Amino acid sequence: MSEALRAAPCGLDLYWDEGVTAYDFGPGHPMDPARLALTMRLVESFGLTEAPGVTVRAAPPAGESTLRLVHTGEYVAAVKRVAADPALTDRRHGLGTDDNWAFTAQHSASALIAGQSVAAAEAVWQGGHGHGHAVNFAGGLHHAMPDRAAGFCVYNDAALAVARLLELGAERVAYVDLDVHHGDGVQRAFWDDPRVLTVSIHEHPATLFPETGWATESGGPDAPGSAVNLPLPAGTGDAGWLRAVHAIVPELLSAFRPQVLVSQHGADTHADDPLAHLAVSLDAQRLAAETVHELAHRYADGRWVALGGGGYAVVDVVPRSWTHLVATAAGQPVDPAAETPEEWRTEVRRLTGQRAPLRMTDGAEPGWRDFHDHGYDPGDRLDQAILATRRAVFPQHGLLP
Ligand SMILES: [Zn+2]
Ligand SMILES: [Zn+2]
């Protein structure tokens, strides 16, 4: 972290309402709400909720008019209908399907999560200049479409946060999505809107849901270059993933000059994630969060909204990854070598019956080669992917591919 950054402590609003754990598709579904509860308990047991500059806040659920910034009235009505009778199936709206099981809190818990992200956006925007960060790790439900639930996502809190920023007068909002899956719902919401730059770095659509996110998807006719997609080969590890992030994100942000940065930190890039096929470590995820933090200061006047996302290694990965995210945003990093607190291990056993990880690291020491300094290797599939993305959008931003 730079000296300037260290000299000015960051203010962090951490959005949390225990009610978000009612976002629960039911026993056996990968989106286990224990991932959220165990993250908050780990954040607390490291004292981060009491740390200087950190305020824990809870916002009300997003109301109908807010949800309709992104979603159709018909879809919101459908969610409420299915929540009232979870025996229903509504395939047209993606509800009660194989992925998105119906449950009674489907509307209320989804709206509560969205409310936290929207409030986070408002706080960061209205906080004026500099050093205003907000985190909602329960959010980042980036697959939800205007009229359809998808990929375990009911309301698209990430898109709603961006839409609220636009409503408040923001003219340039950047959205950076590090989840292993393509941020398709957010891309769709702002496909033809030049005020929003969406950048998604994800596993290749040929091997993973939602099978979109090709480099050639680059925005609608009124917003060429506003959608950026970097699909990575299955198996990409720390060095490749970090190389990819650094090869496209900083330059795009420097050209786009966002007034606010919204980021999505899905932890499902991890090697242990059961639903995807990248091989990223906790340590690289932590480094990426630090990079996003620095970029928010460098290019967005410190205005940063950080969201969670996917992540299905409920005990071993998600809580540690997002605790590092919160600690980073608070400007009070947790030492990767630190042991996990005993009280948290007890909570893990109580809630899941599993053994907790013992340290805040995977023991990886990620190194990566900078794309700019070392050029690219035409025989390397990762470098081919990076170059394809740069060619698809960099010229639209006045950048050399
Ligand atoms: Zn900061
Ligand atoms: Zn995901």
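Taken together, the values in this text are just the output of simple stated rules run on the coordinates, not laboratory data. Just so it is clear, the structure is predicted and the values come from calculations on it, not from any experiment. Because the Cβ atoms are built from the backbone with ideal geometry, glycine has one as well, and the counts that use them run over all protein chains shown.
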Given charges at beta-carbon only (K, R positive; D, E negative), |dipole| of the chain in Debye: 420 debye
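What shape does the range 201-265 have by the C-alpha gyration tensor, where a ≥ b ≥ c are the square roots of the eigenvalues, rounded means a/c under 1.5, and otherwise prolate means a/b greater than b/c and oblate the rest? Working shown, then result.
Working: a/c = 2.17, a/b = 1.27, b/c = 1.71.
Oblate is the answer for the range 201-265, as a/c is 1.5 or above yet b/c matches or exceeds a/b.
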Charge-dipole axis of the chain as Lys and Arg at +1 and Asp and Glu at -1 on Cβ define it, positive-most pick from 276, 201, 25: 25
Among 312, 378, 114 - extreme Cα towards positive end, dipole of the range 3-397, charges at beta-carbon: 114
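If contacts are Cα pairs under 8 angstrom and at least 6 residues apart, what is the relative contact order of the range 18-136 in percent? Walk me through the numbers on the way to the answer.
Values: 124 pairs, mean separation 33.6, N = 119.
Value for the range 18-136: 28 percent.
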Relative contact order computed over the range 3-397 (Cα-Cα under 8 Å; 6+ residues apart), in percent: 19 percent
Table column - 3J(HN,Hα) (Hz), the range 220-227, Karplus curve with 6.51, -1.76, 1.60, x for Gly and Pro: x, x, 8, 9, x, x, 7, 10
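Within the chain, what percent of beta bridges assigned by DSSP are antiparallel, to the nearest 5? Don't skip to the answer; put the middle values down first.
Details: 4 of 38 bridges.
Close to 10 percent.
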Highest-fluctuation residue, 99, 85, 383 considered, GNM on the chain with Cα pairs under 10 Å: 85
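Can you give the translational diffusion coefficient of the chain in µm²/s, computed by Stokes-Einstein from the Kirkwood radius over Cα pairs at 37 °C and 0.692 mPa s?
158 µm²/s
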For the chain, built as a Gaussian network whose Cα springs stay under 10 Å, the top-fluctuating residue of 199, 82, 173: 82
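Among residues other than residue 56 whose Cβ falls under 15 Å from its Cβ, what is the net charge (Lys/Arg +1, Asp/Glu -1)?
Values: positive: 41, 57; negative: 13, 17, 18, 44, 50.
Overall, the nearby charge balance is -3.
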Global form of the range 1-119, assessed from the alpha-carbon gyration tensor, a/c cut-off 1.5: prolate
